[in-house]
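The values are calculated or read from the model by the stated rules, or taken from the named source; none is laboratory data. Because the structure is predicted, anything quoted here is derived from the model rather than measured. Note that each Cβ is placed from the backbone with ideal geometry, even for glycine, and that neighbours are counted across all protein chains shown.
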Amino acid sequence: MFAIRIPQEKEKMKKQVGRKPFGYYPAEAEMVKLIKLKARVRRGGFKPTLSMVTREINAEGLRTRTGKLWSAQGIKNVLSRSAEVDKTKERRRKKTQLESGDFLTLQQVWSALEILTGDDDMIFRLLIGSGLRASELCDLQVRDLGVYGGKSQIDVRRGKGAKARSVFIDPELAIRIRYYLTDKHGHSGQKQWFIRNSRGEKLTYDALYYRVKKIGRQIGIIGLRPHALRHTFATLLYDYQKDLFFVQEQLGHASSDTTKIYAKTLNEAKKQQLQGFADRLYSTAEAGLLPENTSKLKKSTQNQTRALVTNGL
């Protein structure tokens with residue numbers, strides 16, 4: 001599809017084994033870069049059409065890998081695939097800290113628990129109280145629920161990376177699971193799916209995703225995702241005891257580096273430190289101890305800081 005400017009590259013590309021991402025090979029990357037450059041918005045807000053880009057490319061003597069002239073559709077396909085690759089890279093880029101929309105506050109959790117009922121209530125409590133991945137919740141069977149004989153745990157038979165683990169839950173959630181089992185399952189088999197759809201079949205990820213979004217709308221959170229509830233569990237659990245290793249075990253992370261994101265999230269201890277800082281700043285400013293050259297900024301700084309603290313930082 002792309003012009004080969006260096007003859008040796010063609011043989012090199014043939015030797016590559018396995019499927020590589022779009023734009024991986026040098027010739028592809030060079031051509032993609034050139035097409036994106038020519039299709040960019042230019043000075044004055046002018047954006048060239050696909051036909052204009054095609055004419056420029058062909059006028060420079062560049063051809064597709066098969067030696068043919070470029071077409072507008074071919075240029076469009078390159079730009080489209082390139083945009084998909086860029087989005088994938090952005091999604092895979094590791095976060096070093098959760099953003100405010102990635103998890104719920106304790107107040108939002110309480111609001112949800114007050115209004116949810118039935119299956120929605122159980123799904124929310126399971127995700128928020130265990131940190132299970134969405135796929136792990138869908139795969140849960142009756143036999144995986146250790147909630148009898150004083151036990152309070154969930155057995156994940158096949159987590160990420162095909163790894164098994166046990167997730168400990170609080171006794172209250174274990175009691176609610178027992179009641180749910182009695183109400184929904186009765187004497188059904190041990191290999192029956194725990195959460196089922198209206199037809200009694202296994203709940204799919206898409207169906208779970210839709211339900212969680214519906215839960216979000218009920219509590220005033222647009223675009224709530226199952227993974228946000230997993231983040232909430234981890235954030236609140238770490239905030240309680242600051243035990244990063246325990247959080248790692250519960251979530252099933254292979255590396256503590258992945259779990260450290262929750263240690264960097266704004267928690268109660270950090271809020272208290274910032275509150276102390278703000279209190280000191282207020283008293284310093286109000287005592288007139290700020291330097292003279294900052295007097296013009298004094299009032300606006302106090303108002304901005306008070307607003308941040310009032311809104312929970």
(request) Could you run through region 56-99 and say how many residues are among the acidic types (Asp, Glu) and modelled with pLDDT under 90? (result) 4
(request) Could you please find all residues in region 143-152 being modelled with pLDDT of 90 or more and either basic (Lys, Arg) or loosely packed, with under 15 Cβ neighbours inside 10 Å (or both)? (result) Arg143
(message) Going through Gly200, Gly189, Gly216, Gly220 one at a time, which residue ends up being assigned by TED's automatic domain parsing to the domain that holds Ile177, part of a helix (DSSP H, G or I), over 14 Å from the mean Cα position of the chain (by Cα) and not aromatic (Phe, Trp, Tyr)?
(response) Gly216
(request) Report whether or not Ile123 is of a type outside the set (S, T, N, Q), in a helix (DSSP H, G or I) and more than 18 Å from Gln192 (Cα to Cα). (result) no
(request) Please identify the pairs in which a residue from region 45-60 that is touching a residue at least 24 places away in the same chain (Cβ under 8 Å) and surrounded by 15 or more Cβ atoms within 10 Å (Cβ to Cβ) has its Cβ atom under 8 Å from the Cβ atom of a residue that is of a type in the set (Gly, Ala, Ser) and not in a loop (DSSP other than H, G, I, E, B), counting only partners at least 6 apart or on another chain. (result) Leu50/Ala72
(request) State yes or no: is Ile154 of a type in the set (A, V, I, L, M, F, W, C), within 27 Å of the chain's Cα centre (by Cα) and either assigned by TED's automatic domain parsing to the domain that holds Ser130 or in a loop (DSSP other than H, G, I, E, B) (or both)? (result) yes
